[in-house]
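Visitor: Before I ask anything, let me first share the structure, which is written out below as structure tokens.
The values are calculated or read from the model by the stated rules, or taken from the named source; none is laboratory data. In this text, all values refer to a predicted model and were calculated from it rather than measured experimentally. Glycine also receives a Cβ, built like all others from the backbone with ideal geometry; neighbour counts cover every protein chain displayed. Remember, those area values only see protein heavy atoms, side chains included, never the ligands or the DNA or RNA. Shrake-Rupley method; radii C 1.70, N 1.55, O 1.52, S 1.80 Å.
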Amino acid sequence: MNNTKNLKIGILGAGNIGKTLARKLAQAGHDVKVANSRGPETIATDALEFGARAVEAAEAVRDVEVVILSLPPTSFSKVAPLLAGLPEEAVVIDTSNYHPARDNRIEALDAGQVESLWVVEQLGRPIVKAWNTIESTPFATKGTTKGSRDRIALPVAADRDRDREVGIALVEDTGVDAFDAGTLENSWRQQPGSPVYCTDLTLAELPDALASAERERLPKRRDLAWAILQERFEDVTTINPDAGYFLRLSRLLNM
């Protein structure tokens, strides 16, 4: 993988974020395959508008340079065998976040382990953490060209230099700015409840927001936001909250 153009990419997960990734990365010129757990015939046609192909999960990770996991953390034990045959140099990008009210309880994460490091343990390989700090509606609708005023910026964390390079380039290809957030050990700064989580900050604003994160407060803010959304929308696992409301809530609680 000598450059970051025209990459072969497999996406596992075709929900709101996965669907937008398929659209935007294919539009940017990458060769994109996308799969979910229910079969290619169930993938929304708008995910394929710019040339992404709906395939079975095993095919999505075959002969690719990058795999993007747009899945909840509880699915990683199922996808780990699919990734076992990837070359060592293949880049795996994780977009997930842990929400105890939605996911099965994960003891290590409840005890404070950094989510990205837990994912590394589950998959048995290095990852990039990216696209986990933006809600699906602004991600789908607010992408702009580089240099645009008020362009949203997202942190990208990874331990391997090449992984970080690819992650940053692909984030930029989806219409947002990318910020090098360092290693996975520090990626707790972009977990739910942090000042950069779903607050739609610009590249100028992002570094200070990352630096101001208070680790012990993240779970409290995360769970409080979920409780407020459940009270307002009844079932936030099936109803996508109004993007403007969620942005206001995230900024109120997290910043």
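Visitor: If we scan the range 209-224, do we find a residue that is open to solvent by 30 Å² or more (accessible area, probe 1.4 Å) and among the polar types (S, T, N, Q)?
Guide: Yes.
Visitor: Against the condition buried (at least 16 other Cβ atoms within 10 Å of the Cβ), among the small types (Gly, Ala, Ser) and part of a loop (DSSP other than H, G, I, E, B), how does Ala22 come out, does it pass?
Guide: no
Visitor: Ok, one more. Given the structure, is Asn6 in contact (Cβ under 8 Å) with a residue 40 or more places away in the chain and surrounded by fewer than 22 Cβ atoms within 10 Å (Cβ to Cβ)?
Guide: Judged against the criteria, Asn6 is not a match.
Visitor: Among the listed residues Leu203, Leu218, Leu210, Leu154, which satisfies the condition of being at pLDDT 95 or above, farther than 21 Å from Pro100 by Cβ and in contact with a Ser or Thr (Cβ under 7 Å, 6 or more places away or on another chain)?
Guide: The conditions single out Leu154.
Visitor: Taking the range 120-134, which residues are touching a Leu at 6+ places or on another chain (Cβ under 9 Å) and not small (Gly, Ala, Ser)?
Guide: Val120, Leu123, Arg125, Pro126, Ile127, Val128, Lys129, Trp131, Asn132, Thr133, Ile134
Visitor: May I ask you to verify whether Ala213 is of a type in the set (A, V, I, L, M) and part of a loop (DSSP other than H, G, I, E, B)?
Guide: yes
Visitor: Going by the conditions given, is Asp180 of a type in the set (Asp, Glu), out of contact with any Lys or Arg (no Cβ under 6 Å at 6 or more places or on another chain), open to solvent by 30 Å² or more (accessible area, probe 1.4 Å) and at pLDDT 95 or above?
Guide: Yes; evaluated as a whole, the condition is true for this residue.
Visitor: Within 14 Å of the chain's Cα centre (by Cα), farther than 25 Å from Gly10 by Cα and not in a helix (DSSP H, G or I): does that describe Val156?
Guide: No, not satisfied.
Visitor: Now for a different question. Give the residue that is most open to solvent (accessible area, probe 1.4 Å), with candidates limited to residues of the range 35-52 that are over 12 Å from Leu12 (Cα atoms) and outside any loop (DSSP other than H, G, I, E, B).
Guide: Per the stated criteria, the residue is Glu41.
Visitor: If you don't mind, another one. Could you tell me whether any residue of the range 162-176 is in a loop (DSSP other than H, G, I, E, B) and open to solvent by 60 Å² or more (accessible area, probe 1.4 Å)?
Guide: Checked the range 162-176: no residue is in a loop (DSSP other than H, G, I, E, B) and open to solvent by 60 Å² or more (accessible area, probe 1.4 Å).
Visitor: May I ask you to list the residues in the range 8-38 that are modelled with pLDDT of 95 or more and more than 23 Å from Ile134 (Cα to Cα)?
Guide: The answer is Lys8, Asp31.
Visitor: With (1) touching a strand residue (DSSP E or B) at 6+ places or on another chain (Cβ under 7 Å); (2) within 27 Å of Leu253 (Cβ to Cβ); (3) among the acidic types (Asp, Glu) as the list, and Glu172 as the residue in question, which single condition is left unmet?
Guide: (2)
Visitor: Determine if the range 169-176 includes at least one residue that is among the β-branched types (Val, Ile, Thr), farther than 21 Å from Val119 by Cα and at pLDDT 95 or above.
Guide: yes
Visitor: With the structure loaded, tell me whether Asn104 is assigned to a loop (DSSP other than H, G, I, E, B), surrounded by fewer than 23 Cβ atoms within 10 Å (Cβ to Cβ), of a type outside the set (A, V, I, L, M, F, W, C) and under 18 Å from the mean Cα position of the chain (by Cα) or whether it fails that test.
Guide: Judged against the criteria, Asn104 is not a match.
Visitor: Would you please name the residue that is nearest to the chain's Cα centre (by Cα), looking only at residues in the range 61-81 that are surrounded by fewer than 18 Cβ atoms within 10 Å (Cβ to Cβ), at negative phi and not basic (Lys, Arg)?
Guide: Pro72
Visitor: Only residues that are open to solvent by 10 Å² or more (accessible area, probe 1.4 Å), within 17 Å of Leu71 (Cβ to Cβ) and part of a helix (DSSP H, G or I): list them for the range 117-142, please.
Guide: Residues satisfying the conditions are Trp118, Val120, Glu121, Gln122, Leu123, Ser136.
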